[in-house]
Each structure stands twice: as C-alpha cells, then as structure tokens.
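See structure below.
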Amino acid sequence: MIIDKLGNKRFKIGLHIHTTLSDGRVTPEESARIYKEAGFDAIAITDHWQYGGEGEISGLKIFSGCEYNMGASDTSVDVMHIVGVGMKYAPDIKKEDERQHVINEINKAGGIAILAHPAWSLNHPDEALCLKGFSAVEIYNSVSDANQSSRPYSGYFVDLIANKGMFLNIAATDDVHYYNGSDETKSYIMVKADSLDDVFEAIKNGDYYATQGPEVHVRREGDKLICDCSECVKIDFLSNAAWGPDRITRGKGLTHAQYQIKPFDKWVRVEVLDENGNYAWSNIIKI
C-alpha cells in the first residue's frame, strides 16, 4: 500500500497472471513471491480454464480468477479472451459456450468480466458492443509486447467503443507467462480503498487507474478537466475530438494540466507518459 500524491491509500493489484497450472512458466508460489517482492498487494491468478480460488500464497493476497480463451490462433475467425476475477465459486462455463454466457456466469458468481487484450486478439468493436456485462477492458497487456507478440496497446479499441457509448473501466495487466524480464510486474492497477479487504469492491466500482508506474488523477471542475500526476513528460487528454489546441501538454517535470471541454465532447480519458517511457491511463470520464 502507498499514499498517493492526493493523500489517498492505493493498493497495487495485478489482475491477469498465469502459472504452471496452465501455460505459465513458474508455479503459483514462485509467481506470488515475484509479485510480492515487486510491491504488489494482491494478484489474481487467472490460468486458462483453471479456476483458482481466493486465498493467500507466500504472504500475498490472491483473488480468485480464470481466463476463458475462446478461439485459437486465427484472429480472422473467432478469438476473444475473457478474464474473470473475484468469483465466489467456479462459474459453470464450458469451452463450447457462447461469449455472453461466459460473461453472465462470471457476474453470477460475484466476479467481474474483463475483456482481455482486444488489440492482440484483433477484436472488432462490434464484437464487444453486442455483449453486456463487461466491467473493464485491458488497454495495455505486457505479454502482448513480449517474444513474438506485437500488439500490447488497445487504446484505439477503447476509444472506438466509447464513441458508440460503451464506457468500460480501463485496466493494465501483465498477462504474464514467461517471467524472463519481458512480461512480469510491469502493468497493473492502483486501487483507491481504505483497506485490502475493501479492494475488490473498489475495483468493481472503478476506483482505480491503470499504470506502469506514474500516478494519474483526473477531476472535473465546471467546463474543465484537471489532471494531476507524478512527474512526466506528456499529458494527453483523449476524447471523441479529432484534435484540440489544449489536448496535449509536453515538457519536463510536468505534474499538472487542464483541458477545456468542447461542446461536442462525449467522453474524455487521460494518458500520461514519464521520462522512462512508462504510461498511466485514467478511466473514461463521461461528459
């Protein structure tokens, strides 16, 4: 747990973790040790089609989880991966089930359904827009920039579905498999909560930002959006606007920027970039 620059308690959470229970390269015990040493307060172990219950491993809190990967390798045919986190029991899901059933069963079991790496999967926005019950979407997925992968960033997808009125919370995850320095402990969410016991409810409520290190805090004051962040070199207000003179602020040691809401803005989100190349992403603010 840390205290952020605004004085709030924040918990460092990894939502998408693989181990030797499916195709990860280290055991759950070793994974927990690695993430605890990196300052994480909790992780969800989300092995493929292997429901893992809530508990504690190596002194680290573990959320229940599972990744339901549908489709195979050909993204032109039928690929969508859905991560379930926080279920109270193993959902009744089979590999032949439809996507909506998977989401429904995750929610029925008290969990949240996260659309995993839509850019890596080459999901079309229409594939998400026809579904109900997602809590979040991964805007960044570390393993999707490791080894033979090359599509880690899904901001374009996030913005397209927002343009159609689908405002999902934004998560950054590792989806760690290799544990070789390429995909572990890199991308996570920082959750605002009073205690670790309150973290999952805060995740459900969207009380977090996604990050690789920087802080990002956004608030609305009248017709302006205000961003306060840790020191960075770029603050970017993204919206349905194609461009704007106050959209991007660049410089050294930036910690503050503001954006004049445009008459046609329907939504705005913020990305910040630090001098080490690490990003943070706010959730979407509906206008």
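Observations, loosely collected:
- Residue that is farthest from the chain's Cα centre (by Cα) [pool: residues in the stretch 78-94 that are under 22 Å from Gly55 (Cβ atoms) and not small (Gly, Ala, Ser)]: Asp92
- Count of residues meeting criterion [surrounded by fewer than 21 Cβ atoms within 10 Å (Cβ to Cβ), out of contact with any helix residue (DSSP H, G or I) (no Cβ under 9 Å at 6 or more places or on another chain) and not in a loop (DSSP other than H, G, I, E, B)] in the stretch 53-70: 2
- Only one of Val191, Val143 that is closer than 21 Å to Tyr208 by Cα and either surrounded by fewer than 24 Cβ atoms within 10 Å (Cβ to Cβ) or modelled with pLDDT of 95 or more (or both): Val191
- Residue within the stretch 229-241 that is open to solvent by less than 10 Å² (accessible area, probe 1.4 Å), farther than 24 Å from Gly39 by Cα, touching a residue at least 24 places away in the same chain (Cβ under 8 Å) and under 23 Å from the mean Cα position of the chain (by Cα) present: yes
- Members of the stretch 98-135 found to be over 26 Å from Leu160 (Cβ atoms) and either open to solvent by 10 Å² or more (accessible area, probe 1.4 Å) or modelled with pLDDT under 95 (or both), listed by number: Glu105, Lys108, Gly110
- Filter result (closer than 15 Å to Ser64 by Cα and touching a residue at least 40 places away in the same chain (Cβ under 8 Å)) within the stretch 83-107: Val83, Val85, Gly86, Pro91
- For Ala116, the conditions (1) closer than 23 Å to Ala242 by Cα; (2) hydrophobic (A, V, I, L, M, F, W, C); (3) touching a residue at least 40 places away in the same chain (Cβ under 8 Å) all hold with the exception of (1).
- Taking every residue in the stretch 151-166 that is under 16 Å from Asn141 (Cα atoms) and pairing it with any residue that is charged (D, E, K, R) and not in a helix (DSSP H, G or I), at least 6 positions away or on another chain, the pairs with Cβ-Cβ distances below 8 Å are Ser154/Glu138; Gly155/Glu271; Val158/Arg269.
- Selection from the stretch 184-200 of residues that are of a type in the set (Ser, Thr, Tyr) and not in a loop (DSSP other than H, G, I, E, B): Tyr188
- When Tyr89, Tyr35, Tyr51 are checked against the criterion of being modelled with pLDDT of 95 or more, of a type in the set (Phe, Trp, Tyr) and out of contact with any strand residue (DSSP E or B) (no Cβ under 7 Å at 6 or more places or on another chain), Tyr89 stands alone in meeting it.
- Residue match in the stretch 165-180 (condition: open to solvent by 30 Å² or more (accessible area, probe 1.4 Å), at pLDDT 95 or above, closer than 20 Å to Ser135 by Cβ and small (Gly, Ala, Ser)): yes
- Residue within the stretch 201-224 that is in a strand (DSSP E or B), touching a helix residue (DSSP H, G or I) at 6+ places or on another chain (Cβ under 9 Å) and not acidic (Asp, Glu) present: yes
- Single condition Arg151 does not satisfy, out of (1) open to solvent by 10 Å² or more (accessible area, probe 1.4 Å); (2) assigned to a helix (DSSP H, G or I): (2)
- Filter result (under 19 Å from Ala171 (Cβ atoms) and either surrounded by fewer than 19 Cβ atoms within 10 Å (Cβ to Cβ) or of a type in the set (D, E, K, R) (or both)) within the stretch 2-50: Ile2, Asp4, Asn8, Arg10, Lys12, Ala38, Gly39, Asp41, Asp47, His48
- Matching residues in the stretch 70-82 - criterion: being of a type in the set (S, T, N, Q) and either in contact (Cβ under 8 Å) with a residue 24 or more places away in the chain or under 16 Å from Ala136 (Cα atoms) (or both): Thr75, Ser76
The values are calculated or read from the model by the stated rules, or taken from the named source; none is laboratory data. The structure presented is a predicted model; accordingly, all values stated were derived computationally and were not measured. Heads up, the Cβs are rebuilt from the backbone with ideal geometry, glycines too, and the neighbour counts pull from every protein chain shown. The accessibility values were calculated without ligands, DNA or RNA, using every heavy atom of the protein model including side chains. Shrake-Rupley method; radii C 1.70, N 1.55, O 1.52, S 1.80 Å.
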